[in-house]
Amino acid sequence: MDTKVSIYDSCKDVPINEWENLLTPNDVFLSISFLSLIERYHKNEISPHYIVLKEKDKVIGILYSQTFKLSSRKLKEYINHGNPGFNFIRLLKTQLANFVNLKVGFLGNLFLTNEIGFKLHPNYSNKIDLNKVLNQLQDQNHNKLILIPHFYKDNFEFSDQYFKEINVEPDMHLKIPKSWHSFEDYYDAIQSKYKKRYRKTLINSSSIKRKELNQSDIKQYAQMLYKLFNKVYNKSSFNTAKFNTNILSDLKEFIPNTSIVGYFIGDKMIGFSSNILLNHTMYAHFVGLDYKVNNELDLYSKMLYDKIEYAIENKVELIKFGRTASEFKSNFGAIAQSNIGYVYDSSGILLRLLSPLLKLIKEKKWDQRNPFKEENKI
């Protein structure tokens, strides 16, 4: 049966009834209210696309997509990050990256790690042809390539001719057992050397004070939040669109279970951490920090312990820690999830030309740690 694909480039143009018809109260991240916030605060970073799929005038699915610019500088940084050391072939391929400056699409929300960016009608059992959807998206928005998370493979029909599998940094998850009722339960579950690590962090960070920021505080410290986030963003091995910290005040109002924590030495903010609680899951959202303070006082470690404590206290079942610092986060119990994604090109030509570069886009090697005692492994 023929599927009609309608693509809207602004939330103002989306037929609200068609979009919201498939959503439940749990689908907050796909609601027009939430996506309009993302659109309003990131106009200079992304172009959003709202895709409605119909058969016989009946909505069978919706997809959210974003377009961002991929610069040659960031692509080269990521290649070098995942392939340290000198290699002549890699050097030649890195030089090829000088010619890359592309508009790239992403199926989903760049500001929410690995979250599903689509909703299908529960009674629709056929696999939708993703080629057709992406071909129209590519034509309409002049995207050269479109990036697709792994979970689309299970819900849509792929044509391998136009898709290339790539490695990406894994999302790091920590499941919270129901038997944990306080941070002491987490502490009791970890091995002695990780207990020692925690006590060391506690001593090193003893001069740091934390404060839950309300909306007034967020506005007061807006400039510092931006500055501290910039330090993290600029240090990252591969950046796409840049998160706008000015959204945090509205985000806290829109999702009441959003926690923005400021970290201070005296009156000076030296870091912040944000968490979103939704559907028994805690999304460890964006952070900002002063790396000099971090090196001296274990600031980031303190943040991660605080996140775990906050999650346990709020009866969260799963913490999604995001994609960065995988090995470091595994020291706290986080486990790597799938690190497979796909790149789409409707012609297949660009994929063949960029194939040498795409092979170099891979995760830096790291060791998965497990801090838990044998009987407490999650």
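Only the coordinates and a few stated rules stand behind these numbers; no lab work does. The structure displayed is predicted, hence computed values, not measured ones. Quick reminder, even Gly has a Cβ in these numbers, built from the backbone with ideal geometry, and neighbours come from all protein chains shown.
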*Note the angle between two axes, namely the Cα long axis of helix 299-313 and the longest principal axis of the Cα atoms of the chain, as a number of degrees from 0 to 90, rounded to the nearest 10.*
80 degrees
*Please tell me which of these pairs span more than 32 angstrom C-alpha to C-alpha: Lys58/Lys153; Lys43/Lys178; Lys219/Lys292; Lys193/Lys292?*
Lys43/Lys178
*List the aspartates and glutamates whose Cα lies under 17 Å from the Cα of Lys195, skipping any in the same chain that are fewer than 8 positions away.*
Glu184, Asp185, Asp298, Asp306, Glu309, Glu374, Glu375
*Can you put Lys12, Lys231 in order, fewest other beta carbons within 10 Å first?*
Lys12, Lys231
*Over the alpha-carbon set of region 94-181, work out the extent along each principal axis and list the three values in angstrom, largest first.*
53, 41, 22
_With a cut-off of 8 Å between alpha carbons and a minimum separation of six or more residues, what is the relative contact order of region 124-240 in percent?_
17 percent
*How much length, in nm to one decimal, is gained on full extension between Gln136 and Asn44, taken as 0.36 nm per residue of separation minus their Cα-Cα distance?*
30.8 nm
*For each of Tyr41, Tyr221, count neighbouring Cβ atoms within 10 Å of the residue's Cβ, then give the residues from fewest to most.*
Tyr41, Tyr221
*asked:* Using alpha carbons only, how many angstrom separate the centre of region 289-347 from the centre of region 165-227?
replied: 9 Å
*With each pseudo-label sitting 7 Å past Cα toward Cβ, what's the Asp250-Lys292 distance in nm, one decimal?*
3.4 nm
*Can you list the HN-Hα couplings for region 117-122, worked out from phi with the Karplus curve (6.51, -1.76, 1.60; θ = phi - 60°), rounded to whole Hz and with x for Gly and Pro?*
x, 8, 9, 10, 4, x
*Provide, in order from the shortest bin, the percent of all Cα-Cα pairs of region 172-337 in each 5 Å bin, continuing until the bin that contains the maximum pair distance.*
2, 8, 18, 21, 23, 17, 9, 3, 0
*Express in nm, to one decimal, how much length is gained between Asp188 and Lys4 on full extension, taking 0.36 nm for each residue of separation and deducting their alpha carbon distance.*
60.7 nm
*Approximate spin-label separation Asp129-Glu309, in nm, with each point projected 7 Å along Cα-to-Cβ*: 5.6 nm
_So for region 131-260, considering every pair of alpha-carbon atoms, how many percent are separated by more than 20 Å?_
72 percent
*Quick one: angle between helix 130-141 and the longest Cα principal axis of the chain, in degrees between 0 and 90, rounded to 10, please.*
90 degrees
*What distance in nm separates the simple spin-label points at Gln161 and Ser347, each placed 7 Å from Cα in the Cβ direction?*
1.6 nm
*Directionally averaged projected area (convex hull, Cα atoms, the chain), nm²*: 20.1 nm²
_Rounded to 10°, Cα long-axis angle of helix 222-235 versus longest principal axis of the chain_ = 70 degrees
*Subset of Lys268/Lys302; Lys196/Lys302; Lys235/Lys307; Lys200/Lys329; Lys103/Lys227; Lys252/Lys307 violating a 20 Å alpha-carbon distance limit*: Lys235/Lys307; Lys103/Lys227
